[in-house]
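See structure below.
The values are calculated or read from the model by the stated rules, or taken from the named source; none is laboratory data. Keep in mind it's a predicted model, so treat the numbers as computed, not measured. Cβ placement follows ideal geometry from the backbone for every residue including glycine, while neighbour counts extend to all protein chains displayed. Ligands, DNA and RNA are stripped out before the accessible areas are found, and what is left, the full protein with its side chains, is counted by its heavy atoms. Shrake-Rupley method; radii C 1.70, N 1.55, O 1.52, S 1.80 Å.
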Amino acid sequence: MGSISKQIKEASWQSNPIAYQVLGICSALAVTVDIKNALIMSGAVLVVLSGSNMTISLLRNLIPHRIRIIVQLAIVSTLVILVDQILSAFMYQQAKGLSVFIGLIITNCIILGRAEAFAMANGPLASLWDAIGNALGYGWVLVVIGFVRELFGSGTVFGFTVIPEFAYRAGYVNNGLMVLAPAAFIILGLIIWVSKELGGASGE
Amino acid sequence: MKQSNGYIIGFAVVTCVICSLLLSGAAEALRERQDQNKVLDRQRNILKAVGFAEEVSTADDAKVASLYQSNIEELVVDRSGMIDSSKGMSSMSAGVLKGEKLDLNVGLPLYKKVNAKGETQAYAYPVVGKGLWGSLYGFLAVKPDGDEIVGISFYKHKETPGLGANIEAEWFTNNFIGKRLHKDGMLQGVEVVKGKVADKTAAAELKDYYMVDGMSGATITGNGVTKMTKVAPQRYEKFFKAQKGGA
């Protein structure tokens, strides 16, 4: 179905959760100091978002309207804790590196936003594609920010040093601002600008 | 559609029960693996602190366990500073590895590094400090004189990834090697300066023995480490004094 790829492209490009819906900014600032954290975080969000969108979509006709938010929250937090437990059992070192931010996926607006805006009104398969599209949209922005911040903040990519030693000896200094949260804001602003110019983030 | 209150309450109860069953099931099923990971991670950090950083960085879990078995002896120090080998005590140091709460009235855990000839090369002990977001847990290893630092490692903290979390980074912990805890016989600790040591002081003694480079963007974490190296070794002062007296 061409409509699947269209749906994924639209969710991750035209209505990108970070650049267009401006959701999930918190974690985009917090975990993008290096690429590895950004990648693991994106993976965790992909799993949680797919799970929650599918579950909520399957239950959408059963969930009582008056308590729907709290039910969505219960489902999302269950999934997040599950992911956290599994990571700490099988990827202990990485889970340690991300510390509190995995748990904080619960508060990531993208998850509840997609549940409320999409999964409550659409079937489980469409919701899954929506989740994947949004998670990819979240992921690529995170990885780009992570790449820029890691490169200019620590002189490394994926933990490997890429800025050569002679550059440092010639007086090159890692940019301290890049390691701090404000740098992510600036890069994020640039990403929104560029993707609008290119027709994403609903720049048509 | 309008649902009855009974339906809403019923739905809420069922949701809660299913979610909690799922979570407790997962926690139960994964606990053993997680505990094992914790123990291994702490053993790894003890090894790192006492000078096996290079071996540990490439070692898999089994290798870490065997390195630990053959190089580290778990001891307990009682309140008067003597090594206590009475019944039940030896399990304490092992308990600390599992994350059990430390009962200071019972004793202090200590990890001794012995080489193949049976000579004591270093002692490691757990240290706790305060970071920006929460406590810092680590191991500090010193030479048998209780003064010169062999290494330091951190295994649990809530510091910001990329900033304060750099306390785990090799460039940071390596700076502690060879530093001294005591100055003129008094416990003084090592200062994590803001910025680079070279910009702070010209005094060779301070540079060589009592200061290390800070982490940019993580001044409070650094201050926590400074305080930790000053406070945590206090408990073990008695033990190292007794060791010196006996030798």
Kindly indicate which of B:Tyr209, B:Tyr236 is among the hydroxyl-bearing types (Ser, Thr, Tyr), assigned to a helix (DSSP H, G or I) and open to solvent by 30 Å² or more (accessible area, probe 1.4 Å).
B:Tyr209
Being polar (S, T, N, Q) and either open to solvent by less than 30 Å² (accessible area, probe 1.4 Å) or not in a helix (DSSP H, G or I) (or both) is the filter here; which residues of segment B:35-55 pass it?
B:Asn37, B:Gln43, B:Asn45
Residues located in segment B:162-191, provided they are acidic (Asp, Glu), in contact (Cβ under 8 Å) with a residue 24 or more places away in the chain and either within 16 Å of A:Val33 (Cβ to Cβ) or within 14 Å of chain A (Cβ to nearest Cβ) (or both):
B:Glu170
Kindly evaluate B:Gly138 against the criterion of being open to solvent by less than 30 Å² (accessible area, probe 1.4 Å), over 17 Å from B:Lys241 (Cα atoms), in contact (Cβ under 8 Å) with a residue 60 or more places away in the chain and among the small types (Gly, Ala, Ser).
yes
Condition check for A:Phe147: part of a helix (DSSP H, G or I), in contact (Cβ under 8 Å) with a residue 40 or more places away in the chain and surrounded by fewer than 17 Cβ atoms within 10 Å (Cβ to Cβ):
no
Top-ranked residue in segment A:59-80 [being surrounded by fewer than 20 Cβ atoms within 10 Å (Cβ to Cβ) and of a type in the set (A, V, I, L, M, F, W, C); ranked as farthest from the other protein chains (Cβ to nearest Cβ)]:
A:Ile69
Within segment B:218-233, track down each residue that is within 22 Å of B:Ile83 (Cα to Cα) and open to solvent by 10 Å² or more (accessible area, probe 1.4 Å).
B:Val231, B:Ala232
Among the numbered criteria (1) farther than 18 Å from A:Val71 by Cβ; (2) over 20 Å from the mean Cα position of the chain (by Cα); (3) open to solvent by 50 Å² or more (accessible area, probe 1.4 Å), which single criterion is violated by A:Ala121?
(1)
Might you let me know whether segment B:5-28 holds any residue that is in a loop (DSSP other than H, G, I, E, B) and surrounded by 12 or more Cβ atoms within 10 Å (Cβ to Cβ)?
no
For B:Gln69, only one of the following conditions fails: (1) touching a helix residue (DSSP H, G or I) at 6+ places or on another chain (Cβ under 8 Å); (2) in a helix (DSSP H, G or I); (3) under 21 Å from B:Lys113 (Cβ atoms). What is its number?
(1)
Within segment A:1-66, considering only helices (runs of 4 or more DSSP H) that don't extend past its boundaries, which have at least 3 residues that are within 30 Å of B:Tyr7 (Cα to Cα) and either out of contact with any Lys or Arg (no Cβ under 9 Å at 6 or more places or on another chain) or not hydroxyl-bearing (Ser, Thr, Tyr) (or both)?
A:35-58
Residue by residue through segment B:119-161, note down the ones that are within 14 Å of chain A (Cβ to nearest Cβ), among the polar types (S, T, N, Q) and assigned to a strand (DSSP E or B).
B:Ser135, B:Ser153
Only one of (1) under 30 Å from B:Leu40 (Cα atoms); (2) touching a residue at least 60 places away in the same chain (Cβ under 8 Å); (3) open to solvent by less than 30 Å² (accessible area, probe 1.4 Å) is not met by A:Ser52, so which one is it?
(1)
Would you say A:Tyr172 is at pLDDT below 90, on the phi < 0 side of the Ramachandran plot and not in a helix (DSSP H, G or I)?
yes
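For every residue, the table says whether it meets (1) open to solvent by less than 50 Å² (accessible area, probe 1.4 Å); (2) under 30 Å from A:Ala30 (Cα atoms).
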position: B:Asp145; (1), (2): no, no
position: B:Phe154; (1), (2): yes, yes
position: B:Gly164; (1), (2): yes, yes
position: B:Ile167; (1), (2): yes, yes
position: B:Trp171; (1), (2): no, yes
position: B:Ile177; (1), (2): no, no
position: B:Gly189; (1), (2): yes, no
position: B:Gly195; (1), (2): yes, yes
